[in-house]
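Notes follow the structure.
No lab work stands behind these numbers, since they all come straight from the coordinates. Remember, predicted model here, so these are calculated numbers, not experimental data. Cβ placement follows ideal geometry from the backbone for every residue including glycine, while neighbour counts extend to all protein chains displayed.
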Amino acid sequence: MAPAPIRTAVFPVAGLGTRFLPATKAMPKEMLTVVDRPLIQYVYDEAKAAGVEKFIFVTGRGKAVIEDHFDIAYELEATLRERDKLDRLEEVHSAQPGAGAVSFTRQQEPLGLGHAVWCARELVGNEPFALLLPDVLVHSDPGCLAQMIDVYTDNGGGNVIAVEEVPEDQTHQYGVVEIDGEGDVFKVTGMVEKPPKGTAPSNLIITGRYILQPEIFDLLEKTEKGAGGEIQITDAMLAMMDSQVFHGLRFKGHTYDCGSKVGFLAANVAYALDRDDLAAPFHAELKRLLGL
Ligand code: G1P
């Protein structure tokens, strides 16, 4: 029997974004733009392209503009139509979810990623779901989540985590997996969140894309505070490994950690160079800046 389809995606967007102050004083970090689209739009598009139909955002105070971003801007649309800017209108339309496809709930206290995911339990219900962290952009075609859904389907369901290699001296900044097997798809046998330097079980880190079974919610409810004094999704997944299978996928594509300034700036360069309308003039400008 084919496993239950992945129809739902959860986007935790409650974080404060202190690394981008003052830009994020009055604006959510998820609304920072890469070229001309906010970060959250890229991860939404990735989920939509993978077949997701129900989009759940776990927000917090000061994040209401994310709700506006995914709403119809009636006056804007009327003005674009009046001025015959139909290509712009089409761009705005294609970025927008259909009626009733998005839901918002709030994480009232900053208790960690695991707690943010747990806040979505009623909206997700009793079915497997995708979890996408909007700080992480994966530049790939097909998208990272679509690649993961193939692994999920080929393996008859279960849980899937996107992983990638990083230099050993960086593993302490991430969740790190322990694996059994080789190649691009393998069984995950253990995981640890932000292991102290020199103790990581491998140099394969959790990238910020997950497919999870709904039993994770009961485990999250019981999960104690872990690394950084926060409730960690990694700890709940480790507990769930006693009863469920986790596959790791070394996906195809390049990751940009847009929670860091260098990653964010690099994403802007990479995505601009990938655009037909910008690649040539931007390339010339980059050469000038670099003195080439
Ligand atoms: C989170 C996860 C971590 C993962 C990382 C990817 O950490 O807890 O396992 O490796 O995202 O970016 P955070 O970046 O919220 O500290």
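Numerical summary
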{"read-out": "Relative contact order, percent, region 149-292 [alpha-carbon distance under 8 Å, six or more residues apart]", "value": "26 percent"}
{"read-out": "Whole-Å distance, taken between Cα centres, linking region 134-212 and region 69-113", "value": "31 Å"}
{"read-out": "Bins of 5 Å from zero: percent of alpha-carbon pairs in region 65-201", "value": "2, 7, 12, 14, 17, 15, 12, 9, 6, 4, 2, 1, 0"}
{"read-out": "Pairwise Cα inverse-distance average, inverted: Kirkwood Rh of the chain (Å)", "value": "20.1 Å"}
{"read-out": "Residue of Asn203, Asn126, Asn159 that the Gaussian network model of the chain assigns the largest fluctuation, springs spanning Cα pairs under 10 Å", "value": "Asn126"}
{"read-out": "For region 56-99, size of Cβ-based charge dipole, Lys and Arg +1, Asp and Glu -1, in debye", "value": "200 debye"}
{"read-out": "Spatial extent of region 113-159: Rg and Dmax, with the Cα atoms as the point set, Å", "value": "12.6, 32"}
{"read-out": "Size of electric dipole in the chain: Cβ of Lys, Arg +1 and of Asp, Glu -1, about Cα centre, debye, nearest 20", "value": "720 debye"}
{"read-out": "Packing-based order for 178-191, 229-242, using average beta carbon neighbours within 10 Å, highest first", "value": "229-242, 178-191"}
{"read-out": "Equivalent ellipsoid semi-axes - Cα gyration tensor, region 1-152, angstrom", "value": "25, 21, 15"}
{"read-out": "Loop GluC sites (Glu not before Pro), region 1-79 (other Cβ atoms within 10 Å of the site Cβ: 15 or fewer; DSSP)", "value": "Glu53"}
{"read-out": "Model label zone, Asp87; criterion: amide N under 12 Å from point 7 Å along Cα-to-beta-carbon; scope region 253-292", "value": "276-278"}
{"read-out": "Unit charges on C-beta of K, R, D, E only; dipole of region 224-292, Debye", "value": "360 debye"}
{"read-out": "Computed [θ] at 222 nm, deg cm²/dmol, the chain (DSSP H ≥ 4; -39,500 (n - 2.57); rounded to nearest 500)", "value": "-9000 deg cm²/dmol"}
